[in-house]
């Protein structure tokens, strides 16, 4: 952390003026100096002249979003503490931000006391780090001496709530604190001097820390975080960094463990809530949909009143169908998040599955005067071991999207074949296409490309995220190429084992 950072200075980056002004009123009463910025770019510019120690950062802003701003602040490497403000209050957003270097998060809207507590805790952390660095600068002791050094630095590390472990260049442990021992289930007075494997059971984390200790990682941006499940219901997030000398030579590695069990539990509760509510809603909606269909089929008469009533009922039927689709998509997402997207794995012949899907969806295509062709380019297919419903969801969603986003009279071509030991399926259309700037967003939940040609197409924006989630869970790859006005090509490659 650079010495010119003042722990009393806070920068608020938020596109809502009322929240910026409210945060300023609260923080100035706590003796903070506050600067404000309405955009991410403006905030980064202010940091050049205003040495803020704490940044309150809104995740969703026009232009440069919060994740990009967080990345750039981390690259600055000035020791700035970033507190994320998210209006979505999702565990995924918070965990992703913390993985990228954020200190903490506050869900929006927040109470003044929430803001005071989090910012005050951040200030205390900064002051503690400053004191630690000052003490470290006064001493030139070797890393291996830290265990026996009776210093304030050692006392501070011992009292930290997060687990801390330090290794030398050979991967031997030279320092551990009580919190690390508690998180990993070790004896509180565990001694140092042994290999890393004696302290960490997770093989992936051991390999990462060993590589860092030997100098294979110097750039912080290349170092992944690691999730560790030490016991049922207890999850830890591990972040490892190299310890660098004056000449940026690697002296070892430091590992920080944070307990994220509460976040994981909250995420599980959210998924269970979505699944429960969706189950409760789908049954009555299905009944209403069937009753509307029955009423419409029995309506007779040619007078304008009957036609108007039939039109109203038809619209109601269409909307209930949309709600049922949304609920089904939410249930699929819940299954993917819970890790049960392949709850009943069995060998599935993709060629036969595609034939039945194309045959089923052909009526929908014919209603728009479209043609669907299926080209099976391999004589024999190696079955894909997966849940059949999951594969139906993948290919069915892609073909349905091709039908929906292709003009009347268009063409959809489905090609299937073997690529080594993998099954490759291509869904190609000559429809509206997707602008290149939207291609990296189409797999985001609830995102839909809207323009003059597509704004009347109903949908949930969940189909492609479901496809991506299932393909990822099966160890496959999905790729998309598109050009506005010429059509879109989706390619899915799935391993057969």
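The values are calculated or read from the model by the stated rules, or taken from the named source; none is laboratory data. These numbers were taken from a predicted model, which means no experiment stands behind them. Using ideal geometry, Cβ is built from the backbone for each residue, glycine included, and neighbour counts are taken over all protein chains shown.
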**Prompt:** Can you name the condition, by its number, that residue 105 falls short on among (1) touching a helix residue (DSSP H, G or I) at 6+ places or on another chain (Cβ under 6 Å); (2) assigned to a helix (DSSP H, G or I)?
**Reply:** (2)
**Complete:** Of the listed residues (419, 393), the one being closer than 24 Å to residue 473 by Cα, in the same structural domain as residue 357 (by TED's automatic domain parsing) and touching a helix residue (DSSP H, G or I) at 6+ places or on another chain (Cβ under 7 Å) is 393
**Fill in**
Considering residues that are surrounded by fewer than 22 Cβ atoms within 10 Å (Cβ to Cβ) and modelled with pLDDT under 90, the number found within the range 423-437 is 5
**Asked** Which of the residues spanning the range 406-422 are in a strand (DSSP E or B) and either closer than 20 Å to residue 378 by Cα or out of contact with any strand residue (DSSP E or B) (no Cβ under 8 Å at 6 or more places or on another chain) (or both)?
**Response** 412, 413, 414, 415, 416, 417, 418, 419, 422
**Prompt:** Could you say which residue among 378, 402, 365 is buried (at least 19 other Cβ atoms within 10 Å of the Cβ), over 32 Å from the mean Cα position of the chain (by Cα) and at negative phi?
**Reply:** 365
**Item:** Residue check for residue 54: within 15 Å of residue 102 (Cβ to Cβ) and modelled with pLDDT of 90 or more
**Value:** yes
**Message:** Report every pair of residues separated by at least 6 positions or lying on different chains whose Cβ atoms are under 6 Å apart, first residue within the range 28-55 and touching a residue at least 60 places away in the same chain (Cβ under 8 Å), second crowded, with 20+ Cβ neighbours inside 10 Å and assigned to a helix (DSSP H, G or I).
**Reply:** 53/126; 54/122
